[in-house]
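Enquirer: Sharing a structure here in structure tokens format.
The values are calculated or read from the model by the stated rules, or taken from the named source; none is laboratory data. This one's a predicted model, so the numbers in the text were calculated from it and none came from an experiment. Virtual Cβ from ideal backbone geometry, glycine too; neighbours counted across all protein chains shown.
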Amino acid sequence: MARGLLYFTLVFMVFMFMQLAVMIWRVIALSPALAQQGFSLALLDTPAFQERWQQVGLHGDVLALVGLISGGVCLLLLLWITFRWKNKRTGHFLALGMPTLRSLFLWTGFFLVVFAALEAITFLLPEMDSEFMRQVLSSATNYPLLFLGLGLMPALFEEFLLRGLLYGSLRHLLDKHVSVAIVAGVFTMLHQQYDWYILLLYVLPLGVFLGYARANSGSIWTAVFLHLLNNVASMLLPHVT
């Protein structure tokens, strides 16, 4: 388990660095005045850069590109590391087998029920509106990029990282329920762009549900598909996280 947790930490750290690097690149590239100065560490501390960071940091097209590049690179890194570690057992470790149609339909039905319940909460509690998603979607102009970078890639990378590498590593020593709970907690902590009540009432229950979908269906693709459905709903319904 320790080796798996080490690999998880490594991939996560590379992912965070990649996100930061790509974001800095886009802030400078979209700011002619900053681009003329050239890159330097001192530039990152200037008021001009900080102001542009705040402006660009919530732009849908920029975030989609950041997500697509960082998620894609780190997904390949994760798969390479896992194959080097598990070799022929990689498929079993990551649960790469396809789910049965019956299982997929069953879990999709469960998801729609859970999603409807979470939707009801957002209508009953106006503060559950996600201002973050509103700003991202209102600024987006490249919708195919938005789907790939904020819909598909997060569903793939987060599931392979959390309910693939992390869950598989925890299961070396822990039972299913404890592993699902731990992964759901980590999943929640990774979404700090949302307020605490959204994390508690929406993201955490979603993380638990996706964990059991992956564990009980025997396929990570079940969780990827359901995660993608949730992300698409987030784009269509901005108040949903």
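Enquirer: Just need a number here: residues in segment 207-216 that are within 15 Å of R171 (Cβ to Cβ) and surrounded by 23 or more Cβ atoms within 10 Å (Cβ to Cβ).
Expert: Going through segment 207-216 one residue at a time, the tally reaches 2.
Enquirer: Can you work out which of the residues in segment 138-179 that are out of contact with any Asp or Glu (no Cβ under 7 Å at 6 or more places or on another chain) and not in a helix (DSSP H, G or I) is surrounded by the most Cβ atoms within 10 Å (Cβ to Cβ)?
Expert: By that ranking, first place goes to R171.
Enquirer: Next up: Kindly establish whether R163 is farther than 18 Å from G72 by Cα, among the charged types (D, E, K, R) and touching a Lys or Arg at 6+ places or on another chain (Cβ under 9 Å).
Expert: no
Enquirer: Out of all the residues in segment 30-53, is one or more closer than 29 Å to R214 by Cβ, in a helix (DSSP H, G or I) and touching a Leu at 6+ places or on another chain (Cβ under 6 Å)?
Expert: Checking segment 30-53: not a single residue is closer than 29 Å to R214 by Cβ, in a helix (DSSP H, G or I) and touching a Leu at 6+ places or on another chain (Cβ under 6 Å).
Enquirer: Filter segment 86-115 down to residues that are at positive phi and surrounded by fewer than 12 Cβ atoms within 10 Å (Cβ to Cβ), then give me how many there are.
Expert: 1
Enquirer: Taking the stated definitions as given, is Q135 in contact (Cβ under 8 Å) with a residue 60 or more places away in the chain and in a loop (DSSP other than H, G, I, E, B)?
Expert: Here the answer is no, as Q135 does not meet what is asked.
Enquirer: Select from segment 116-125 the residues that are more than 24 Å from the chain's Cα centre (by Cα) and assigned to a helix (DSSP H, G or I) and write down the one among them that is surrounded by the most Cβ atoms within 10 Å (Cβ to Cβ).
Expert: For segment 116-125, the residue satisfying everything is F123.
Enquirer: Tell me, please, whether a residue that is within 16 Å of the chain's Cα centre (by Cα), at pLDDT 95 or above and in a helix (DSSP H, G or I) can be found in segment 78-89.
Expert: Yes, that holds for at least one residue.
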